[in-house]
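Data block below; observations after.
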Amino acid sequence: MRAAVLMALFLLVGAWPSPAQQPSRPVDERQVYEVATDLRCVVCQTLSVADSPSEMANQMRAIVRERLASGETPAQVRQYFVERYGDWILLAPPRRGFTLLVWLAPLVAVVVGLALVALLVRRWTGRRRPTPPPVDAAMSERIRRELEHEP
């Protein structure tokens, strides 16, 4: 009998939740997907963690899910990955410092391209056909006579 009481007590203590664990809240998979789309897969590198089929991307999605379940915000989860991998892990780099060039270079390229096209169009449309040299009076008279004598 004593063994049965001890066994029941042991099972009861083992099933009791420990105060160190935080109860996890349900995670919306759409939120996990949105956070994962902002992160670059370290294996595929051209795909987001949400789209990558690699095992590493699966593990990263699990980390995202666990952190969101523990109560962290999506921004805190992104910051967790940035602290470990740097800004490179973000598919859209922040608009500051050296990565500002990533955002400005396409804009500058478009402006330069449009200016070049405008310059070329202006040159092409600005050309006129050369005017024929003036015809002197004697040549004019000869042309008129020849046109009159034609049948």
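A short reminder: the numbers here are calculations on the coordinates, not readings from a lab. All of these numbers come straight from a predicted model, not from anything done at the bench. So basically every Cβ, Gly included, is an ideal-geometry build from the backbone, and we count neighbours across all protein chains shown.
Compared with the dominant principal axis of the Cα atoms in the chain, helix 137-149 is inclined by about 80°. Ordering Val42, Val77 by the number of other Cβ atoms within 10 Å of each residue's own Cβ, fewest first, gives Val42, Val77. Neighbour counts of other Cβ atoms within 10 Å put Met139, Met60, Met1 in the fewest-to-most order Met1, Met139, Met60. Sorting the segments 85-93, 33-41, 47-55, 140-148 by their mean number of nearby beta carbons within 10 angstrom, highest to lowest, gives 33-41, 47-55, 85-93, 140-148. Specify which labelled value, from [x] 23.0; [y] 15.4; [z] 16.0, agrees with Kirkwood radius over Cα pairs in Å derived from the coordinates of the model shown. Here the calculated entry is [x]. Remark on Leu39: its backbone amide H falls under 5 Å from those of Val49, Ala50, Leu91, a criterion applied only to residues 5 or more positions apart or on other chains, H modelled at 1.01 Å from N.
Charged side chains reduced to their Cβ positions (Lys and Arg at +1, Asp and Glu at -1) give the range 69-139 a dipole of some 400 debye around its Cα centre.
Computed about its Cα centre, the charge dipole of the range 25-78 is approximately 100 debye, with only Lys, Arg, Asp and Glu carrying charge at their Cβ. To the nearest 0.05, what FRET efficiency results for Gln76 and Val108 with a Förster distance of 35 Å applied to their C-beta separation? According to the calculation, E is roughly 0.50.
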